Structures are given as structure tokens and as C-alpha cells.
Amino acid sequence: MLKVVRIRAVWLFTVPALTAGCGGLLNGKVESEAAQKIATQAIENQVFVKGGKFILGDVGRPNGSPYVTLTAFSRPAVEVSIDSYSISRYETTWEEMSVYYEALDRTHLYADDFIFKKYIKATDDPLSPNYYRKPARAPNYGEAEGYCAWLAEQTGLPFALPTEAQWEYAARSRGKNVPYATDSGTIEKDPYLRRPKEYVDPSIPPSGNTLMHSSVKFERRSVGSYPPNSIGLYDMTGNVAEWTRDWFQEDFYEHAPENNPSGPAKPSNQDKPEKTVRDWAGRGDHMGGGGTVFARAGAHIESSGNGFRCVVNSPEPVN
């Protein structure tokens, strides 16, 4: 089983060996047809992001005021350089996570739990919150990291969760000064979840260019329901919030290295280990710039309900 291990104040996430099944051969391993399909799909969905320099953090509005006013976690903005990589055009879906849980025999860990059993479901009913094309919510950080590590084992490619710098660079279409990762850089909210719960109807077609309403409703839209940003990435504003692999540090930007910045080597608070979550628009409506691509905050590694997407840390395209 996937374990979280604390050794000399360093938290490590270990992923077990894959369970063999019938099906095709991928990366020298015999895998189930479902696992092979998901691995192939993960490669096909990667969008190459050419590296470069950009200003990481809240670059501020044209009048000089910051976008994010609720916290100062996104300041000061700093110039950094980042190597080329690829990132998934979509958030990880219920279908993909379901195959991962089955492949590693992890379904039983959550199936009988009243709170967590909803995080392992996948259905072909488009009216269900767990419709297989809708974004998955991980029961904790370890399963998000574990899924990307599993893809790495499946494919032989360096899949991983993105650093928050990688996430922001891609969300901002290679570092452009845009507050939202939409087709226009502005938001036109889909009113889908704004109405009372009893009137939410999954058969209503999407409208607008993002879903960023209601943190209390489990329902979301299928990935790819709204136009992508200018480099072809979907739902980096809205739908679900996303884990990154960085330990959260409030003043990280004051100390961020210039080249390929990533978070500190260990949690700032050993008793409350937090990873950085981006796209807080995926948690619902936000005031004070909390729904912009600049907003960042920490979440405990055992927190449930966040989504994610994986990157491939290769300087060349993988598809």
C-alpha cells in the first residue's frame, strides 16, 4: 500500500510495485488493457511547454495594485527561468484514478469509508458527479502524487506532479500577465452551480468560459467543457483546485531560486505538513483575487477534495 513515511523530519511518499494483469506490454511490464489505455492517453494528453524566463507571482494590475489582496503569499513577484516540460491538457479524471486504484489494489482502502468512498467512484452516467470524464478529487495528497508516479512506472517517462512554478507558467500561457487561465484571460462564469442545489441539472450544457462556483457542491463539469487557454490547457481556472508537489511556504517567493524554483525541502511546520494548492477558483467563488492564477495557499497532505494534473519533466515533447 502507498505509505507516508517520516524519516529524520523529511516526508517521503512511497508507491508500491504494480499489480500484474492480463493485457498489453508497456515499458517492459505486463499490464491490464485498462492501465495501458490510461498510460497511452496520459502521453497523448501532454502539451509541450517551451521553457523561458517569466515573472513568478502576483505581477499586479495595470494600476499597480495586486490581484490578490486576501494574503501576501503571492508576493513579491520574482523573475525566474524554467526548463521546458510537458503538462496534461486536462485535470485527472475519475476514470483515470479508478484504473490506478484497481491496478495497485487500493480501492479497498476507501470503499467502506463513509467520507472517502465517493473519491473512488467512476460511472458512465453523465448526470452523476462521478461521471468518468469529470475531474477526480483525490482523498489525500499521497494518492495524487502516487498516480503520477504510477504513470512514470507505466511509461518510463518522468511523470510527476508539477512544481507550483511549472503550474503557474503553464496556466499563464508561458508567463503572460493574465489573471485567469481562460481563452480570453478574463472570466465569464458558468451559472451552473450558482442556483439552489435542487435546481442543479447536469444535463444543462456548459456556458461561459469557466466553472468557479460553490465550494460545497460536489458536482463539477467534464474536463474540457470550456475553451482552453492560449497554449491548449483546460480548467486551470475553475472546476477543481489542484495539488502541486511543492511544500508550502508563505514567503517562498522571497527565497525562490532563479532557476527552476521548487518549494522547500521539508514542511515549514513538521506537525502540519502542507503542500501548495493552486487554482483556488476550483474551490468556489473567491473575493480579493483568490480565484486568479496568482493565488496560492497550503493544504495538509491528508486534505481531501483537491484535483491535480501531471507533468513530464523532459526538455523534449513526448508525443
Given (1) open to solvent by 10 Å² or more (accessible area, probe 1.4 Å); (2) outside any loop (DSSP other than H, G, I, E, B), identify the lone condition not met by S128.
(2)
Could you say whether any residue in the stretch 35-46 is under 24 Å from N140 (Cβ atoms), of a type in the set (S, T, N, Q), at pLDDT 95 or above and assigned to a loop (DSSP other than H, G, I, E, B)?
yes
Taking the stretch 122-160 and keeping residues farther than 26 Å from I87 by Cβ and in contact with a Ser or Thr (Cβ under 8 Å, 6 or more places away or on another chain) leaves P126, L127
Would you confirm whether any residue within the stretch 41-55 is of a type in the set (K, R), touching an Asp or Glu at 6+ places or on another chain (Cβ under 9 Å), open to solvent by 50 Å² or more (accessible area, probe 1.4 Å) and touching a residue at least 60 places away in the same chain (Cβ under 8 Å)?
yes
Which one is farthest from A297 (Cα to Cα), of the residues in the stretch 156-200 that are among the polar types (S, T, N, Q) and more than 13 Å from the chain's Cα centre (by Cα)?
S184
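The rows are residues; the columns are (1) among the small types (G, A, S); (2) free of Cβ contacts under 8 Å to residues at least 24 places away in the same chain; (3) open to solvent by 10 Å² or more (accessible area, probe 1.4 Å); (4) closer than 18 Å to G305 by Cβ.
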site: K134; (1), (2), (3), (4): no, no, no, yes
site: R137; (1), (2), (3), (4): no, no, yes, yes
site: E143; (1), (2), (3), (4): no, no, no, yes
site: G146; (1), (2), (3), (4): yes, no, no, yes
site: E153; (1), (2), (3), (4): no, no, yes, no
site: P158; (1), (2), (3), (4): no, no, yes, no
site: P179; (1), (2), (3), (4): no, no, yes, no
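Can you tell me which residue in the stretch 56-66 is farthest from R174 (Cα to Cα), limited to those that are of a type outside the set (A, V, I, L, M) and surrounded by 22 or more Cβ atoms within 10 Å (Cβ to Cβ)?
Start the filter on the stretch 56-66 by keeping residues that are of a type outside the set (A, V, I, L, M), which leaves 57-58, 60-66.
Now narrow it down to the ones that are surrounded by 22 or more Cβ atoms within 10 Å (Cβ to Cβ): 57-58.
On the way: G57: 13, D58: 15 Å.
If we take residues in the stretch 56-66 being of a type outside the set (A, V, I, L, M) and surrounded by 22 or more Cβ atoms within 10 Å (Cβ to Cβ), then D58 is farthest from R174 (Cα to Cα).
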With R283, R278 as the choices, which residue is basic (K, R), in contact with a helix residue (DSSP H, G or I) (Cβ under 6 Å, 6 or more places away or on another chain) and at negative phi?
R278
Quickly run through the stretch 77-122 and pick out the residues that are open to solvent by 30 Å² or more (accessible area, probe 1.4 Å) and either without any contact (Cβ under 8 Å) to a residue 24 or more places away in the chain or among the basic types (K, R) (or both).
R89, T107, H108, A111, D112, D113, F114, K117, K118, K121
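The values are calculated or read from the model by the stated rules, or taken from the named source; none is laboratory data. Remember, predicted model here, so these are calculated numbers, not experimental data. Every residue, glycine among them, receives a Cβ derived from its backbone with ideal geometry; neighbour counts consider all protein chains shown. For the accessible areas, the whole protein counts, side chains as well, though only heavy atoms, and no ligand, DNA or RNA atoms are used. Shrake-Rupley method; radii C 1.70, N 1.55, O 1.52, S 1.80 Å.
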